[in-house]
Every structure is written in structure tokens, then in C-alpha cells.
1. Consider only pairs whose beta carbons are under 7 Å apart and that are at least six residues apart or on different chains; among these, list those whose first residue lies in segment 173-191 and is over 16 Å from LEU218 (Cα atoms) and of a type in the set (D, E, K, R) and whose second residue is modelled with pLDDT of 95 or more and in a helix (DSSP H, G or I).
2. Output the number of residues of segment 208-235 satisfying the condition of being away from the ligand (no atom under 13 Å from the Cβ), of a type in the set (D, E, K, R) and out of contact with any helix residue (DSSP H, G or I) (no Cβ under 7 Å at 6 or more places or on another chain).
3. One residue is enough: does segment 62-74 have a residue meeting the conditions part of a loop (DSSP other than H, G, I, E, B), of a type in the set (D, E, K, R), in contact (Cβ under 8 Å) with a residue 40 or more places away in the chain and assigned by TED's automatic domain parsing to the domain that holds LEU159?
4. If we keep just the residues of segment 236-245 that are among the small types (Gly, Ala, Ser) and over 15 Å from PRO145 (Cα atoms), which is nearest to the ligand (Cβ to nearest atom)?
5. Pairs under 9 Å by beta carbon, first residue part of a helix (DSSP H, G or I) in segment 342-370, partner hydroxyl-bearing (Ser, Thr, Tyr), six or more apart or different chains?
6. Look at THR232 and say whether it is surrounded by 18 or more Cβ atoms within 10 Å (Cβ to Cβ) and assigned by TED's automatic domain parsing to the domain that holds LEU353.
Amino acid sequence: MSTAKLVLGGKEHELPVVTGSEGEVGIDIASLRNATSAITLDPGYGNTGSCRSAVTFIDGEKGILRYRGYPIEELAEKATFEEICHLLVYGELPNRKELARFKEGLAKHSIVHEGLRKILETYPRATHPMAILSSMICSMSAFYPWETEEDEQNNALLLMTKMKSIAAFTYKQAKGEPWIYPRTDLGYASDFLQMMFTVPNRPYAITPVQERALDLLLVLHGDHEQNCSTSTVRMVGSSQANLFASISAGVCALWGPLHGGANEEVIHMLQHIHDEHGDYRKTIAMAKDKKSGFRLMGFGHRVYKNFDPRAKIIKKAADDLLAEMGVKDPLLSIAKDLEEAALQDEYFLERKLYPNVDFYSGIIYRALGIPMNMFTVLFAMGRLPGWIAHWMEMRKESGGRIHRPRQIYTGQTQRRVPALDERK
Ligand code: SDX
């Protein structure tokens with residue numbers, strides 16, 4: 001086995017080097033503190049591997065993304081979201097029989113316990129759907145057992161189908177419209193759309209292109225290795241908290257505008273440029289000005305220093321969907337102009353900032369009639385199989401160790417407690 005040499009305090013230490021199946025190299029520091037009493041420091045974990053994982057591979061320099069070895073471009077073309085769920089959670093693409101059985105399981109469990117419905121109805125209509133989604137998922141632990149390994153396997157299936165129903169019910173609750181229940185004869189994407197947009201006595205038809213556009217977005221959001229929300233799911237699950245609690249925490253982490261909340265922020269940004277008659281120059285100038293605190297939303301990525309392969313696929317799908325629907329969305333042309341201008345600007349080029357998965361996805365959600373405050377809910381629905389896959393892998397692989405990073409303390413050194421009247 002190859003090793004890395006560390007010289008600290010005049011002493012030399014050898015640390016094992018691990019190499020992944022794609023040739024990635026990591027220095028195993030598990031023995032570091034015992035051997036040197038020193039720890040490493042890496043705020044934001046940009047250089048720190050938290051685990052070994054076999055779920056997803058990303059090469060940020062080359063813009064490569066693979067789920068269980070399959071390139072995202074091929075999966076986007078050849079697999080439905082149900083197949084991706086099976087691939088990520090159980091490790092393999094299903095054959096025809098396995099897919100039929102998996103879909104039966106999703107259909108059988110798609111109805112949500114009426115007790116959860118009563119909880120959902122208590123939320124004010126203006127509540128952000130991500131707040132409802134996270135708490136409803138955690139509340140599932142009050143209605144479905146989670147004590148045994150078998151329970152948790154079953155809960156993975158329950159979550160993969162009930163999250164769709166909870167999301168649609170959240171939308172109906174906000175609209176004050178009657179809730180539409182899931183249908184067992186429809187695929188995941190079309191069932192979600194019919195639950196969202198069917199209104200009694202008003203015909204609603206989903207075209208295959210609309211269904212495919214949503215299914216594609218769900219496929220593309222399936223997993224993305226150790227991102228902020230997935231690491232949160234692993235962290236919470238490492239304390240032996242149940243799957244519902246762990247996924248609920250992942251939803252909260254995803255909500256942030258630097259992560260899954262960016263898809264909603266991109267539309268706000270494009271809308272603002274539209275209100276400025278398409279003049280994106282001020283937006284770009286603000287993004288380059290550190291003092292503004294503004295970031296070009298949907299741009300940049302911790303791992304991708306090349307195009308995010310998902311952004312390229314979504315951009316084309318947005319074009320196709322709008323053409324098929326005969327919709328002209330001014331925000332799409334603004335997004336394209338913004339991308340072109342940024343990619344000719346030294347600031348973005350030298351920092352290798354490219355469009356990420358969130359830059360164009362909102363254009364498709366808009367065309368499908370999904371309201372902006374639901375965009376990140378759709379992201380969570382897509383990411384759910386990835387979260388479940390990582391949670392299961394963590395439970396199996398890490399030997400049950402709780403995740404507990406260390407720190408470098410920079411506060412006050414020891415001092416005496418002054419009596420109340422002594423204090424200034
Ligand atoms: C997702 O991790 C994942 O895999 C996430 C995700 C997934 O599928 O799970 O891909 C989904 O969350 C995509 C990212 C969505 N967020 C956004 O679009 C928000 C805007 N983007 C940025 O805030 C930022 O790019 C991040 C948060 C995505 C990444 O941040 P990093 O890696 O911490 O980057 P950084 O702050 O170290 O930036 C490096 C430099 C800095 O400038 P300098 O200090 O070197 O001068 O690039 C600049 C940053 O100021 N920069 C940007 C920028 N992103 C980085 N400047 C302007 N606009 C931006 N968007």
C-alpha cells in the first residue's frame with residue numbers, strides 16, 4: 001500500500017493512501033490524532049472525503065457524472081425516474097419484471113395516512129412548501145414504524161411514493177383547491193402533475209412531452225455524491241436517527257439558496273433582469289463585486305470546474321419543451337444571454353464558474369405551471385433516492401460510527417468567574 005509522509009514537530013509520520021475505482025487518491029488520516037495529536041482543518045470540507053461511496057461518481061474537471069457507473073447523459077435518454085430510484089437505492093437498473101414489481105410497490109403505498117393530512121391542513125396557506133415538506137416527512141415517524149431494519153427498507157419505499165403525494169397536497173392546500181389523490185395507473189411524473197393540476201369539472205391533460213420533461217428533471221436530480229444535503233442525511237443518520245428524521249434534515253439543508261434553493265433564486269434574478277428590460281450588465285457587475293454580497297444564482301459549483309453536464313441537458317430540454325408547447329418565455333432568452341455574457345467574462349472564466357443544475361431548471365418548472373416556491377420541493381423529490389441510497393450505505397459501511405468532526409478552538413483561554421458586581 002502506498003503512503004504519504006507528514007513531517008510535524010520534526011517527526012515523520014506515514015499515512016496510508018487510498019485509491020478509488022476511478023483513480024481518485026485520498027490520504028487516510030484516521031490515525032492522525034493518535035499519532036501526532038494534531039487534526040486537519042478544512043472549513044467547508046472542500047478537500048475532505050467523508051466516506052467511501054459506490055453510489056455516484058463526479059469528475060468536476062471533466063464534467064462527468066455517473067450513477068452507479070452509468071453516464072448521466074445515457075440515463076437521461078434511456079431511463080425513467082422510477083428506474084433511477086431502483087438503480088440508486090438497490091444498486092442496479094431493474095429488468096422489466098423488477099420494474100413492474102417496484103412500480104406496484106410505489107402505487108400500493110402512495111396514499112398518505114389521513115392523520116398526516118390533518119397535520120398538513122393546520123399550516124397557514126402562505127407557509128413555504130419546504131417547511132411543510134420537512135416537517136411532514138419527520139411526522140411520518142408518528143404513523144409508520146421505523147424500529148427494525150425491515151421497517152427502514154419499507155420506509156424507503158413509502159418515502160419514494162408518499163413524498164410525491166405530500167408535495168402535491170401542499171400545493172393544493174396553498175391554493176385552497178380540493179386535494180387530488182394519486183392514481184395507480186400513471187407513472188411517477190404524470191401522476192404528480194395530475195395531482196397538482198387536476199381541478200374537478202375542469203379537463204386537464206398532460207402531454208407526453210410535459211411528462212417527459214418533468215421525468216427528465218427528476219432523473220437529473222437523482223443524486224450528486226456528498227453535497228450539503230446528502231452529507232446532512234448521512235450525518236443525522238449516523239446518530240442512529242431513523243430514515244424519516246434523516247431525510248427531513250436533508251430537506252432543510254437543501255432549502256438554502258446556495259444549494260437547492262438556488263433554482264427559485266435564479267428565476268427571481270432573471271425576472272429582475274427582465275424588469276430592467278433585459279439589461280443583465282448590472283447583475284453581472286454586482287456578481288463580480290464582492291461588496292455586493294450578490295452571487296450569480298445558478299452559476300458556479302464546488303466540484304464542477306467545467307460545465308455541469310446536467311445544465312447542458314436541461315438547457316436543451318427547456319428549448320424542446322417550450323417549442324413543443326409553443327411557449328415563448330422571455331426569461332429563457334435572458335438566461336441564455338446571461339450565460340453567454342458570463343462565459344466571455346474573465347471573472348467567471350478564471351474562477352471556472354459555469355451554469356449548474358439550477359440555472360435552467362426553473363424555466364421548465366415554469367412552463368409546467370409549477371409555482372416558484374415549489375421548485376426546491378421538486379429538487380427534493382428528485383434527490384430523494386440519492387439521499388436514501390447514501391443513508392443505507394452509511395448505515396452499512398461506516399460500522400455505525402457517529403459523525404463527529406473536531407475543531408481548532410480560538411476562544412478565550414481559561415479565566416476565573418467574576419462575582420456579579422465585579423462584572424463590568
Ligand atoms: C447545487 O454540491 C453539489 O453537488 C450541489 C448540487 C447538487 O446536485 O446537490 O450540484 C446542487 O447546490 C448547485 C449550486 C446551487 N447554488 C447556486 O447556484 C448559488 C450560486 N453559486 C455559489 O454561491 C457558489 O458557486 C456555490 C455555493 C455553488 C459553490 O461555492 P464555493 O465552492 O464555496 O465557491 P467559493 O465561494 O469558494 O467561490 C470561489 C470564487 C469566489 O471568488 P474569490 O474569493 O476567489 O474572488 O468564485 C466566486 C466566489 O466569490 N463565486 C461566484 C459565484 N460562485 C463562486 N461569484 C459570483 N457568482 C457566483 N455564483
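The values are calculated or read from the model by the stated rules, or taken from the named source; none is laboratory data. Here the structure is a predicted model, which is why all the values come from computation and not from measurement. Every residue, glycine among them, receives a Cβ derived from its backbone with ideal geometry; neighbour counts consider all protein chains shown.
1. So the pair list comes out as ARG183/ASP191; ARG183/GLN194.
2. Qualifying residue count for the region: 1.
3. There is at least one residue in segment 62-74 that is part of a loop (DSSP other than H, G, I, E, B), of a type in the set (D, E, K, R), in contact (Cβ under 8 Å) with a residue 40 or more places away in the chain and assigned by TED's automatic domain parsing to the domain that holds LEU159.
4. GLY237
5. Final answer for the pair search is ALA342/TYR280; ALA342/TYR354; PHE348/TYR354.
6. Taking the combined requirement at face value, the residue satisfies it.
Here is a yes/no grid of residues against (1) among the aromatic types (Phe, Trp, Tyr); (2) in a helix (DSSP H, G or I); (3) outside the structural domain of CYS85 (by TED's automatic domain parsing); (4) touching a Leu at 6+ places or on another chain (Cβ under 9 Å):
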site: ILE111; (1), (2), (3), (4): no, no, no, no
site: ILE119; (1), (2), (3), (4): no, yes, no, no
site: MET136; (1), (2), (3), (4): no, yes, no, yes
site: GLU152; (1), (2), (3), (4): no, yes, no, yes
site: MET160; (1), (2), (3), (4): no, yes, no, yes
site: TYR171; (1), (2), (3), (4): yes, yes, no, no
site: PHE192; (1), (2), (3), (4): yes, yes, no, yes
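For every residue, the table says whether it meets (1) near the ligand (Cβ under 9 Å from one of its atoms); (2) touching a Lys or Arg at 6+ places or on another chain (Cβ under 9 Å); (3) assigned to a helix (DSSP H, G or I); (4) under 15 Å from ASN356 (Cβ atoms).
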site	(1), (2), (3), (4)
GLY260	yes, yes, no, yes
HIS268	no, no, yes, no
HIS274	no, no, yes, no
ALA285	no, no, yes, no
MET297	yes, no, no, yes
ASN306	no, yes, no, yes
ALA311	no, no, yes, yes
LYS316	no, no, yes, no
LEU322	no, yes, yes, no
